[in-house]
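To start, the structure itself, in structure tokens.
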């Protein structure tokens, strides 16, 4: 057994890194560069998504097959075949043998796809069929990546996710069974690590697993990232990932401090701890799903988010256990919220109002972002992104315990600005927001802080959300934030560059 091996990196390449044949050469360069840094035999685990656009075609195929559109099904299968053949012809043009082998594997996988589509046409769409059909994108891509790396003289082996990751039966959003997955990883992956005397690559399909009876499942949004972190966790549990790290290659260099659609010139966040990263992910950052962080947080396995087109860049986001105290780590904006105001002269708590409201929201699947009750308890503010709230609240007003004529419900467009900070700076942030609002002549509907001291949220009229968010960001972006004191700014509202517009509440019921 080779006890000198290092099993310290898992790389994930998503669809944005797999959009053209030239991207395979970029993957080769990244792997070669990493191996050159290692003098001892090293294993790199490469997790791949489907080629860009293929998953969408597979979803279309499923629905077309269920409606009996045979000619459109054939056309979509042909399109998937053409996409992969284009890669094959480009990648293996110097070897007819490898080209024929790759096309043979392609035809075999497409034959299996056609077979299950016939079952969809006969029996209709069931959750298992959807997950199984979507898995073909990753299988096709992993097969091509493995063939390419082998042709380029890498020692490479491919695994499909069903062989490694065992999940429950929640199709399209499966949760890993850690005990059985750990056993699979120890059985199938660890021996390859322990007995490796040269650099090697293990290519694994992202996004897919299987339940206990063998049916294919998928891991939902961020599924390929999740696959990478699941494998890292399992290897760590098996004591085979000492000082290990995960590199998620993206089309951007990492997490930005805000959405460029709303925040002017957001900066790259170079360091986040696990709690901060999860909070940013929960609030809407699409670059990483919070479940990918939760599974490796206690093991303190670092995650690097790096730009695929600039692999040697020093600018990237590192998520780890280290803490960097900054007033603002990020600003997340929900510019399409609605503020719902409920007023009644009857005290809500005496009428079991809150229990009734939550039960109603749960039954009608209403999404509540924030909820704030006035001190007198006769006024309730609800922030929501549900565009159907108006019609649903009509039922609540008509059928609730409080007589309809004694409950007034108003609504108006709103925006929610959430600042990711820390306990040290939370009070400072709240004071800063108050000064910005005073300076701009805008009234906030509510300012809330979470119990962990991680976030501060402010609800403002929708028309003002961009101005307020940028004012908050600007107050900490120019030089030393401690010198950015709004007391030194011109307090004359007539000279303010931020629009002084307050929206009146609009009675909707």
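Being outside any strand (DSSP E or B) and either modelled with pLDDT of 90 or more or surrounded by 18 or more Cβ atoms within 10 Å (Cβ to Cβ) (or both) is not true of residue 332. Restricting attention to segment 199-224, the residues that are at pLDDT 95 or above and in contact with a helix residue (DSSP H, G or I) (Cβ under 6 Å, 6 or more places away or on another chain) total 13. Taken residue by residue, segment 360-368 has at least one member that is assigned to a loop (DSSP other than H, G, I, E, B), at pLDDT below 85 and loosely packed, with under 13 Cβ neighbours inside 10 Å. Residues that are modelled with pLDDT under 95, touching a strand residue (DSSP E or B) at 6+ places or on another chain (Cβ under 7 Å) and in a loop (DSSP other than H, G, I, E, B) occur in segment 31-40; there is at least one. Taken as a whole, the condition of being farther than 27 Å from residue 27 by Cα and either modelled with pLDDT of 95 or more or part of a helix (DSSP H, G or I) (or both) applies to residue 72.
Of all residues in segment 281-305, those that are surrounded by 17 or more Cβ atoms within 10 Å (Cβ to Cβ) and within 16 Å of residue 322 (Cβ to Cβ) total 8. Residue-level analysis places residue 245 outside the set of residues that are more than 14 Å from the chain's Cα centre (by Cα), buried (at least 20 other Cβ atoms within 10 Å of the Cβ) and more than 30 Å from residue 431 (Cβ to Cβ).
Evaluate segment 5-16: report whether one residue or more is touching a residue at least 12 places away in the same chain (Cβ under 8 Å), within 25 Å of the chain's Cα centre (by Cα) and assigned to a helix (DSSP H, G or I).
The first filter runs over segment 5-16 and keeps only residues touching a residue at least 12 places away in the same chain (Cβ under 8 Å), leaving 5-16.
Narrowing the set further to residues that are within 25 Å of the chain's Cα centre (by Cα) leaves 8-16.
From what's left, assigned to a helix (DSSP H, G or I): 15-16.
Checked against the condition, which is being touching a residue at least 12 places away in the same chain (Cβ under 8 Å), within 25 Å of the chain's Cα centre (by Cα) and assigned to a helix (DSSP H, G or I), segment 5-16 yields at least one hit.
If you go through segment 172-188 and keep only what is modelled with pLDDT under 95 and in contact with a helix residue (DSSP H, G or I) (Cβ under 7 Å, 6 or more places away or on another chain), you end up with just 172.
Just one of the listed residues (107, 29, 72, 20) is over 29 Å from the mean Cα position of the chain (by Cα) and either surrounded by fewer than 15 Cβ atoms within 10 Å (Cβ to Cβ) or not assigned by TED's automatic domain parsing to the domain that holds residue 143 (or both), and it is 107. For segment 434-460, the candidate set comprises residues that are part of a loop (DSSP other than H, G, I, E, B) and farther than 19 Å from residue 329 by Cα; within that set, the residue that is farthest from the chain's Cα centre (by Cα) is 441. The set of residues from segment 418-429 being surrounded by fewer than 17 Cβ atoms within 10 Å (Cβ to Cβ) and either without any contact (Cβ under 8 Å) to a residue 60 or more places away in the chain or assigned to a loop (DSSP other than H, G, I, E, B) (or both) comprises 423, 427.
The values are calculated or read from the model by the stated rules, or taken from the named source; none is laboratory data. Everything quoted here is computed from the prediction, not taken from an experiment. So basically every Cβ, Gly included, is an ideal-geometry build from the backbone, and we count neighbours across all protein chains shown.
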